[in-house]
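Following this message is one structure expressed as structure tokens.
Only the coordinates and a few stated rules stand behind these numbers; no lab work does. Model, not experiment: these values are computed from the prediction.
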Amino acid sequence: MSLTLTIDDRVQIEMFLDSVPDGRTRPEVVPVLRNAIANARVVDPSLVPADCVTMNSHVRLRYEESGESRIVRLAWSRQSRPVADVGESVEAVSILSPVGAALLGSRVGDVITWDAPAGRMRGTVLEVLYQPEAKGDPG
């Protein structure tokens with residue numbers, strides 16, 4: 001899957017990763033993110049496709065193992081607050097988590113995979129409900 005990032009997200013994520021203290025994340029997440037960023041197609045925020053997951057996007061994600069779908073927001077940390085009301089509960093997913101790292105740059109229809117304590121997980125990006133760039137609200 002080809003990862004698409006905005007130039008703003010790339011710069012902010014690189015600075016964020018440089019500031020993450022040791023032990024704040026699972027050790028395998030930072031190298032995965034750095035590799036993904038290094039190989040990403042980087043675009044101006046005005047050119048990112050509306051169905052692409054960027055930072056602070058709200059996404060309907062179906063967990064393939066259970067069939068359950070949830071709305072998640074790709075956030076800097078799990079404690080971050082939602083930025084838009086989509087009428088349903090929104091769960092913040094940190095970019096430093098395996099599922100957050102897998103969501104970054106994915107698009108509607110993509111099946112993402114990540115390693116969780118329970119084993120390898122798969123999810124399908126069903127819908128991007130809110131993307132800051134599409135609403136003219138980057139950052």
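Quick one: grab the alpha carbon gyration tensor of the range 4-130, order the square roots of its eigenvalues as a ≥ b ≥ c, and give me rounded if a/c is under 1.5, else prolate or oblate depending on whether a/b is larger than b/c.
Verdict is rounded for the range 4-130.
Next question. Which cross-chain or sequence-distant (5 or more) residues have an amide H under 5 Å from the amide H of residue 91, H modelled 1.01 Å from N in plane?
Excluding prolines and chain starts, which carry no amide H, the hits are 71, 72, 73.
Can I ask one more? Output ³J(HN,Hα) for the range 115-124: one whole-Hz value per residue in order, computed from phi by the Karplus curve 6.51 cos²θ - 1.76 cosθ + 1.60 with θ = phi - 60°, and x for Gly and Pro.
8, 10, x, 7, x, 5, 10, 10, x, 10
Near the amide H of residue 129, under 5 Å away, which other amide H atoms are found, from residues 5 or more places off or on another chain, if H is placed in the peptide plane?
Residues meeting the amide H criterion: 58, 59, 60.
Please list, in order along the range 99-109, the HN-Hα scalar couplings obtained from phi with the Karplus expression 6.51 cos²θ - 1.76 cosθ + 1.60 (θ = phi - 60°), rounded to whole Hz, x for Gly and Pro.
Each residue of the range 99-109 in turn: 5, x, 4, 6, 6, 3, x, 6, 10, 3, x Hz.
Using the Karplus curve 6.51 cos²θ - 1.76 cosθ + 1.60 with θ = phi - 60°, what ³J(HN,Hα) values do you get for each residue of the range 37-45, in whole Hz, with x for Gly and Pro?
Once θ is set to phi - 60°, the couplings for the range 37-45 become 5, 5, 9, 6, 7, 9, 10, 5, x Hz.
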